[in-house]
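The structure under discussion appears below in the form of structure tokens.
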Amino acid sequence: ESFIFSIVERARTPLNPAQSFFVGTRKTSLAKFTFYDKYRPSNGNMTDLADREVILEIEAEALRLMGYSLVQMSISKMKESNTRYIKIVKQFLTNEHIDNLAEQLMDPSMIQYAQSVGGITLDLTENNIGVEGIDSLQELTRNSVVEALLLGRNPLGDEGICTLAELLKHPDCSLRKLDISHLQPRHLSKRAVTALADALRSNISLLEFKVADNKIADDDAIQLVETLTSNSTLKVLDLSKNSIKQKGNKGIIKTLQRSADSLAFSNLILRFNDLGSSSAGFIKDWNNNNPDHQIIH
């Protein structure tokens with residue numbers, strides 16, 4: 001998939017004062033940009049620092065404008081096809097684009113549409129969304145506009161995670177699925193994990209929470225799993241591809257065993273963790289004794 005996103009007149013050219021045009025194409029699978037100069041004998045190579053600065057300015061503005069176009073196009077496409085999905089993945093969306101997206105979705109007609117289809121699935125994986133973008137999304141999760149939010153591979157940071165936690169703790173939260181897998185940088189601090197755990201203990205809307213591939217270690221994993229002993233609505237907790245070892249696995253099972261009679265979850269996913277060879281036996285025993293509350297590894 002490619003976007004021809006910018007044909008612009010150069011502001012300055014060291015080799016030729018006449019117009020020169022750039023066409024940028026982007027293959028989303030690679031998330032890279034290539035610029036082609038239509039007249040230069042250097043086949044598009046930049047000739048000096050000033051030239052480079054101009055191209056970077058062009059790229060930044062093209063990305064900004066393209067982001068707004070993608071937001072509008074995605075909303076229009078969803079309505080035209082009468083679906084519930086907005087997918088804008090790997091498109092360098094920033095907080096200002098998310099603010100614009102939220103503003104459009106909070107239009108009364110869009111609220112009515114979203115509620116008529118049972119809530120929108122909003123896939124914003126691998127963009128450039130931070131705490132300000134998360135803050136813009138809060139209202140969308142309080143009136144059944146957005147029922148699934150996919151934010152993996154975004155640079156949310158501790159503040160963004162803590163804002164998400166507050167979102168989940170809000171009594172009017174209607175979010176049913178949240179995916180924050182493989183965040184950038186790929187690490188959740190203890191502060192962030194504690195904030196999420198506190199939110200999960202009180203949240204009554206979320207059915208599926210994915211926090212895979214975030215280097216979550218034993219103690220933090222146990223803290224998240226402990227929320228399953230008090231949360232009666234969360235059905236799937238995905239901790240795949242983290243840093244959970246044999247000690248963590250044993251701690252997880254002991255935590256669940258203490259409240260085995262009151263658990264409500266269906267699947268705890270621990271795939272691609274280095275749980276140790278002896279963990280398979282513990283998990284098998286647990287799954288045999290608790291067929292409604294399976295550990296997937």
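The values are calculated or read from the model by the stated rules, or taken from the named source; none is laboratory data. These figures come from a predicted structure and were not determined experimentally. Here the Cβ is made from the backbone with ideal geometry for all residues, glycine too, and neighbour counts use every protein chain on show. For the accessible areas, the whole protein counts, side chains as well, though only heavy atoms, and no ligand, DNA or RNA atoms are used. Shrake-Rupley method; radii C 1.70, N 1.55, O 1.52, S 1.80 Å.
Structure data summary
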quantity	calculated
Residue 61-residue 260 pseudo-label distance in nm [points 7 Å out on the Cα-to-Cβ vector]	6.7 nm
Point-to-point label distance, residue 287-residue 194, nm (Cα→Cβ direction, 7 Å offset)	3.5 nm
Cβ-placed point charges (K, R +1; D, E -1), dipole of the range 180-296 about Cα centre in debye, nearest 20	280 debye
Computed magnitude of the charge dipole of the range 53-197 (debye, nearest 20; Cβ of K, R +1, Cβ of D, E -1)	760 debye
In order through the range 244-260: 3J(HN,Hα) via Karplus (6.51 cos²θ - 1.76 cosθ + 1.60), integer Hz, x for Gly, Pro	8, 9, 4, 4, x, 4, 5, x, 5, 5, 4, 4, 5, 4, 5, 10, 4
Karplus-derived HN-Hα couplings along the range 277-294 (A = 6.51, B = -1.76, C = 1.60, θ = phi - 60°), whole Hz, x at Gly and Pro	5, 6, 5, 4, x, 4, 5, 4, 4, 4, 5, 5, 8, 9, x, 8, 9, 8
Pairs from 79/235; 169/210; 247/284 whose Cα-Cα separation, in the structure shown, is over 22 Å	79/235
Cα gyration tensor category, rounded, prolate or oblate, for the range 156-264 with a/c compared to 1.5	oblate
Leading residue at positive end of dipole, the range 176-273 (Cβ point charges), from 242, 180, 255	242
Assigned charges on the beta-carbon of Lys, Arg, Asp, Glu; the range 135-189 dipole about Cα centre (debye)	240 debye
Residues whose placed amide H lies under 5 Å from that of residue 120, excluding near-sequence neighbours	146, 147, 148
Additional length obtainable on full extension of the chain from residue 184 to residue 202, 0.36 nm per residue less Cα span	3.8 nm
Local electrostatic count, residue 163, Cβ distance below 12 Å [Lys/Arg +1, Asp/Glu -1]	-4
113, 85, reordered so the largest accessible area comes first (probe 1.4 Å)	85, 113
Accessible surface of the range 203-297, 1.4 Å probe, proportion on carbon and sulfur as whole %	47 percent
Charge sum, other residues only, whose C-beta stays under 9 Å from residue 147's C-beta, Lys/Arg counted +1 and Asp/Glu -1	+3
Accessible surface of residue 110 - all protein chains present, 1.4 Å probe, nearest 10 Å²	10 Å²
